[in-house]
Amino acid sequence: MNISGVSVAVDSTGHLVGSTLTEIPIHENDVTAVLMQRWIACYMLYDWNPHHAGYAYLNNKCDWTQQVFKRLDGMAIDAASLNDVLTDTLNRILLEDVEDFIQTHMKVWKCDRLTVEFQVAKAIAEIYPRQES
């Protein structure tokens, strides 16, 4: 079977099989965009430099992509749902990283989650201002 020009292994039921998936691109969606904003905002609570935050995000994105394929390695994935599975797995990993940021902020600042979430929301509002229509 050939998906997106990449030859992949398929089992007898038509499901994709693990390790050859690393050549298939992971598509991002609106959820990825929201999680990216939250990740950038969490980072900028440490270092208010958008260039540093963007660079750190891109560096981590390579690791997150590798984690996606590690988590899915050996799993049978239906070809029809491959893009969704890859995207959902990436979003889950990104969400876990955002959660780690929040937990770290809570420990360092010795505060509750609401305090951190409020600061994240303020940072997002400043970094990504609403577009008036």
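The values are calculated or read from the model by the stated rules, or taken from the named source; none is laboratory data. Just so we're clear, the structure is a prediction, and the values are computed from it rather than from any experiment. Quick reminder, even Gly has a Cβ in these numbers, built from the backbone with ideal geometry, and neighbours come from all protein chains shown.
Structure notes:
- Within the range 38-51, residues that are hydroxyl-bearing (Ser, Thr, Tyr) have Cβ atoms under 6 Å from residues that are modelled with pLDDT of 95 or more in these pairs: Tyr43/Ala53; Tyr43/Ala56, counting only partners at least 6 apart in sequence or on another chain.
- The set of residues in the range 74-92 being over 13 Å from Ile24 (Cβ atoms) and either of a type in the set (A, V, I, L, M, F, W, C) or in contact (Cβ under 8 Å) with a residue 40 or more places away in the chain (or both) consists of Gly74, Met75, Ala76, Asp78, Ala80, Asn91.
- Applying the criterion of being of a type in the set (Gly, Ala, Ser) and in contact with a strand residue (DSSP E or B) (Cβ under 6 Å, 6 or more places away or on another chain) to the residues of the range 47-92, the residue that is farthest from Ala125 (Cα to Cα) is Ala76.
Per-residue answers, yes or no, for (1) over 19 Å from the mean Cα position of the chain (by Cα); (2) surrounded by 13 or more Cβ atoms within 10 Å (Cβ to Cβ); (3) among the β-branched types (Val, Ile, Thr):
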| position | (1), (2), (3) |
| --- | --- |
| Trp48 | yes, no, no |
| Asn59 | no, no, no |
| Phe69 | no, yes, no |
| Arg130 | yes, no, no |
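- Selection count, the range 98-115, where residues are more than 15 Å from the chain's Cα centre (by Cα) and free of Cβ contacts under 8 Å to residues at least 24 places away in the same chain: 12
- Yes/no for Leu95 being assigned to a helix (DSSP H, G or I), in contact with a strand residue (DSSP E or B) (Cβ under 9 Å, 6 or more places away or on another chain) and in contact (Cβ under 8 Å) with a residue 24 or more places away in the chain: no
- Lys110 at pLDDT 95 or above and either touching a Gly at 6+ places or on another chain (Cβ under 7 Å) or on the phi > 0 side of the Ramachandran plot (or both): yes
- Residues satisfying the stated conditions in the range 36-75, i.e. of a type in the set (Lys, Arg) and farther than 26 Å from Leu114 by Cα: Lys61, Lys70, Arg71
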